[in-house]
Structure formats: structure tokens, C-alpha cells
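S.K.: Structure below; questions to follow.
Since every read-out is calculated from the coordinates, none of them should be taken as a lab result. Every value quoted in this text rests on a predicted model; they were computed, and no experiment measured them. Positions of Cβ are backbone-derived with ideal geometry, glycine not excepted, and every protein chain shown enters the neighbour counts.
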Amino acid sequence: MTTHIQRPATVTARIDDTDTDATTVQSPAVEVSATLLIGDFESECGNCHMPTLIRGVHRHTEIPGLKPKPGCGARFVNTASNSWRVTPDHLRAERPDLPVRGQDTDS
Ligand SMILES: [Zn+2]
């Protein structure tokens, strides 16, 4: 009659550790922000550098294309251009709700 000795006393401790880690991972404290890079013909996300829609998007939720794919989810906090032909005035016209990086902010 030795079977009751196999009860593993350490399992409880492991479960407690797992719960603590899960709580930490689920914390929404970290949010990725990105610059909306507006180019001549298409725009990209400053975080993952994949294409993004310009208007009507506050987060990079979709990569447009023949087969749209989910974006990285970063929140657009300002705009910038990767083309010398796109002026700050053009950026403001496209997204009047966002500041132009290096123009309307100190950063
Ligand atoms: Zn992105």
C-alpha cells in the first residue's frame, strides 16, 4: 500500500506559477503605436512596414491587397511621408486628426 505516496505535492506550486504568468501576459498596459507613412500611391505602417489603408483607420488592423490580411494592430499616433513629393500639407489633408511627425510635435 504505497500508492498514496505518489501524490505530487509540487504540482500545486507549479499551477500557482502558471496563473501568475498568465495574469501578467494578459495585462493591456503595453500598446504599440506607429507612424502612418503616406507615400505617393500606397501607405505603410511605421511599425511593421506593411501596407495600410490611409483614411478611416485608427489602428493597423488590415493589410489591404488582393487577399487582405490582418495588420499588426498598432495605433497610429501621427503621420509622415516616405516620399519627398508628399508634403506636410498633404499629410494633414489626408489625416487632419493626426499630427505630422516632426512638424506638429516636438519629437
Ligand atoms: Zn502594422
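S.K.: Among CYS72, HIS58, VAL86, whose Cα projects farthest towards the positive end of the dipole of segment 50-97, with charges put on the beta-carbon of Lys, Arg (+1) and Asp, Glu (-1)?
M.R.: CYS72
S.K.: Assuming a viscosity of 0.692 mPa s and a temperature of 37 °C, what translational diffusion coefficient in µm² per second does Stokes-Einstein assign to segment 33-94, Rh being the Kirkwood radius over Cα pairs? Mind showing how you got there, number by number?
M.R.: On the way: Rh = 11.4 Å.
Taking Rh from Cα pairs, D becomes 287 µm²/s.
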